[in-house]
1. Can you list the helices (runs of 4 or more DSSP H) found entirely within the range 1-100 that contain at least 3 residues being of a type outside the set (A, V, I, L, M, F, W, C), surrounded by fewer than 16 Cβ atoms within 10 Å (Cβ to Cβ) and at pLDDT 80 or above?
2. Could you grab the pairs with beta carbons closer than 9 Å, sequence gap of 6+ or different chains, first residue in the range 36-57 and on the phi < 0 side of the Ramachandran plot and aromatic (Phe, Trp, Tyr), second one open to solvent by 70 Å² or more (accessible area, probe 1.4 Å) and in a helix (DSSP H, G or I)?
3. Tell me which residues, restricted to the range 53-105, are within 17 Å of VAL23 (Cβ to Cβ), among the aliphatic types (A, V, I, L, M) and touching a helix residue (DSSP H, G or I) at 6+ places or on another chain (Cβ under 7 Å).
4. Do you know which residues across the range 101-119 are among the small types (Gly, Ala, Ser) and modelled with pLDDT under 75?
5. Looking at (1) of a type in the set (Ser, Thr, Tyr); (2) touching a Lys or Arg at 6+ places or on another chain (Cβ under 7 Å); (3) more than 24 Å from PHE111 (Cα to Cα), find the lone condition where TYR39 falls short.
6. Would you check which residues across the range 1-48 are of a type in the set (Ser, Thr, Tyr) and within 23 Å of GLU61 (Cβ to Cβ) and list them?
7. Given the criteria out of contact with any Asp or Glu (no Cβ under 7 Å at 6 or more places or on another chain) and under 26 Å from GLY115 (Cβ atoms), does GLU56 qualify?
Amino acid sequence: QAGAALERLLFFMQVPVATVIPVILNQVILFSFLRGMHYVRSTWRQEGRDKMLDEEVHEAESEVASMTLSFLAVQPLRYLMSGALTSIDGLEEAEDPHNFFCIMLLFFLSFAGIGGGVF
């Protein structure tokens, strides 16, 4: 939730395009941390089950990074489209009805994201 809290700072709320900066910053910090942990694990002698554990940990770290990117990237997109920044939990505080174009654009971007993730 640190990335979502960072997006709620006054500077980012005043400049909608700047809400992308916390997404990039969060991914850089997370990537640096995960690479550091990979280096630490690579210094240990790995045999049999240790290799399997390392593979599973690497896969879990990749999934965490992907989910973090997905959640944090959707918030600026919604803010750019609707003009309403979501809360840290991803919910809009004032539930005003959105116009049809905004809803269709969100659907299109979600299907484009799914298609990009599959291929």
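The values are calculated or read from the model by the stated rules, or taken from the named source; none is laboratory data. Just so it is clear, the model here is predicted, and its values are computed rather than measured. Don't worry about glycine lacking a Cβ; one is built from the backbone with ideal geometry, like all the others, and counts go over all protein chains shown. Calculation scope for accessible area: heavy atoms of the full protein, side chains included, ligands and nucleic acids excluded. Shrake-Rupley method; radii C 1.70, N 1.55, O 1.52, S 1.80 Å.
1. Passing ranges, in order: 20-42, 49-82.
2. TRP44/ASP50
3. Scanning the range 53-105 gives ALA65, LEU69, LEU72, ALA73, LEU77, LEU80, MET81, LEU85, ILE88.
4. Residues satisfying the conditions are GLY116, GLY117.
5. Result: TYR39 passes all but (2).
6. SER32, TYR39, SER42, THR43
7. On the way: out of contact with any Asp or Glu (no Cβ under 7 Å at 6 or more places or on another chain): yes; under 26 Å from GLY115 (Cβ atoms): no.
Considered against the rule, which asks whether it is out of contact with any Asp or Glu (no Cβ under 7 Å at 6 or more places or on another chain) and under 26 Å from GLY115 (Cβ atoms), GLU56 comes out as no.
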